[in-house]
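The values are calculated or read from the model by the stated rules, or taken from the named source; none is laboratory data. Computed from a prediction, not measured in an experiment: that's the story for all the values here. No Cβ is skipped: glycine too gets one built from the backbone with ideal geometry, and neighbour counts run over all protein chains shown.
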Amino acid sequence: MLSLPIDLPGNGPDIRLSPPCEGKILLHCCCAPCSSAILEACIKNNLDLTVFFSNSNIFPYQEYETRKKELISYCERLNVPYIEDVYDHADWQKQVATDLEWTPERGARCQKCFRYRLKRAAEYAQNHGYAVLTTTLASSRWKDLEQINRAGELAVSQLNEGNKPQWWDMNWRKEGLQLRRSQLVKELGFYNQLYCGCEYSMVKEGSIVMFPPAKINLGLNVMRKREDGFHDIQTLFYPVFGLCDRLEVRKSDEFNAELDGINWPVEKDLCVKAFRLMQEKYGIENVHLILHKEIPVGAGLGGGSSDCAFTIKALNRLFELGLSIEEMEELASSLGSDCAFFIKCRPSWGEGKGDVLETAKDCLKGYTIKVEIPKGEHINTALAYSKIVPHIHTPNLRDVIEGSNIEQWKRLLHNDFEDSVFLEHPRIAQLKKEMYLRGAVYASMSGSGAAVYGIFKK
């Protein structure tokens, strides 16, 4: 039985909690602040409780880790069991945010998000013998209580028959719990969360914050050189949400750009070019661009292209231009070969010069990606292309990925840049070998380098 520590400040309200039935309770928790008074009240009522952290909506990954660690610390303080679900923001994007990116808070995207998280919690509860399921989401006054309860009821109703948990639709805002939560958050010094969790909840009046992610190339075949000087390629672009830059765009009387981590003139940066293009085309007002780089420059991870595409998306949202995905992709393609990929930012087949895109199935579900760059290594993309002899591959890259399992990719899936780059940069070749020694099922250089990634089973 759980016992309440004596070192919590003050005294929480004495309320009688009445779960729908006896037995173990799985409490889906979104964060420590929302959980604070609820956990205290449950312990006072001698409830058999386990915390379940399933929140793939949280972005970026650094924010996820911060919230997770704070909740773990609080659970340890209260001696409450804690279980963590798999973090898969890419799947959350696909299942929840597709075509709903800019719907308002408390709208259709939030409803799908609640359903996504509570479905996973319900499945875990059923598979591990929990009698009751509830969530701390209902403690926040910024959330729609009816949406949350509908999502919980639906999650339970859609389970297979047998040992279904019961949904507990407790209103955690009443009985003094809201006031107690505020007291605990203040006196325990909990982390001040500035937004709900996903990247789409960061919109503030006159400002928007986004996190452009990196990408990797699953295979990269250079097919032919074009008359315009570019090359036709075949690749599978895959977003890496665990590595991202931070982009903030604010309305401003004068244009200003703070670009941390670049070593070229401001006006040559793709973010600035995107703004200039959209100002000329749509007559938007000036902005203050603030970019903090985390994605290494010139590493084959598409950081500049991602920043460019997310600038377009941010400006579209900030000035309510109402541009379609196709219109934003067209703008992005005019600025860089692979910029358009980052508009949808989903696994995509890339052909042409990287601008002919087709959404692909997620072939890496159940795997995690680790990216590293050898210190001091930098590859000149134009020079790397000059050392390749374009040719048609048999079987082609798409057939390899769709027609084989990932354990076969080591033998079948190639990046055409590796041969010449590895000759001149042996440390990059060594890093690829090390990825396999660490247990990667597949490893490769991304783009023209110098980044190397490994794909590992979760």
- In the stretch 105-115, anything in contact (Cβ under 8 Å) with a residue 24 or more places away in the chain and either on the phi > 0 side of the Ramachandran plot or surrounded by fewer than 19 Cβ atoms within 10 Å (Cβ to Cβ) (or both) is listed as GLU105, ARG106
- Note on the structure: Scanning the stretch 314-336 for residues that are without any contact (Cβ under 8 Å) to a residue 12 or more places away in the chain and either at positive phi or part of a loop (DSSP other than H, G, I, E, B) (or both) gives GLU320, GLY322, LEU323, SER324
- Name the pairs whose Cβ atoms lie under 7 Å apart, with the first residue in the stretch 198-220 and more than 13 Å from GLY300 (Cα to Cα) and assigned to a helix (DSSP H, G or I), the second hydrophobic (A, V, I, L, M, F, W, C) and modelled with pLDDT of 85 or more, and 6 or more positions between them or separate chains? GLU199/PHE59; GLU199/MET210; GLU199/PHE211; TYR200/ALA97
- Note on the structure: Within the stretch 33-88, residues closer than 21 Å to ARG246 by Cα and touching a residue at least 60 places away in the same chain (Cβ under 8 Å) come out as ASN55, SER56, ASN57, ILE58, PHE59, PRO60, TYR61, GLU63, THR66, ARG67, ASP88
- Query: Tell me, which strands (runs of 3 or more DSSP E) lie completely within the stretch 364-458 with 3 or more residues that are free of Cβ contacts under 8 Å to residues at least 40 places away in the same chain?
  - Reply: none
- Note on the structure: Residues of the stretch 241-258 being within 9 Å of LEU289 (Cβ to Cβ), surrounded by 19 or more Cβ atoms within 10 Å (Cβ to Cβ) and modelled with pLDDT under 95, in sequence order, are LEU247
- Test: GLY354 is crowded, with 16+ Cβ neighbours inside 10 Å and farther than 24 Å from LYS94 by Cβ: no
- Message: Regarding the stretch 129-139, can at least one residue be identified that is more than 19 Å from ILE43 (Cα to Cα), within 25 Å of the chain's Cα centre (by Cα) and surrounded by fewer than 21 Cβ atoms within 10 Å (Cβ to Cβ)?
- Response: no
- Query: Pick from GLU254, GLU248, GLU280, GLU267: which is among the acidic types (Asp, Glu), part of a loop (DSSP other than H, G, I, E, B) and either on the phi > 0 side of the Ramachandran plot or not assigned by TED's automatic domain parsing to the domain that holds LEU100 (or both)?
  - Reply: GLU254
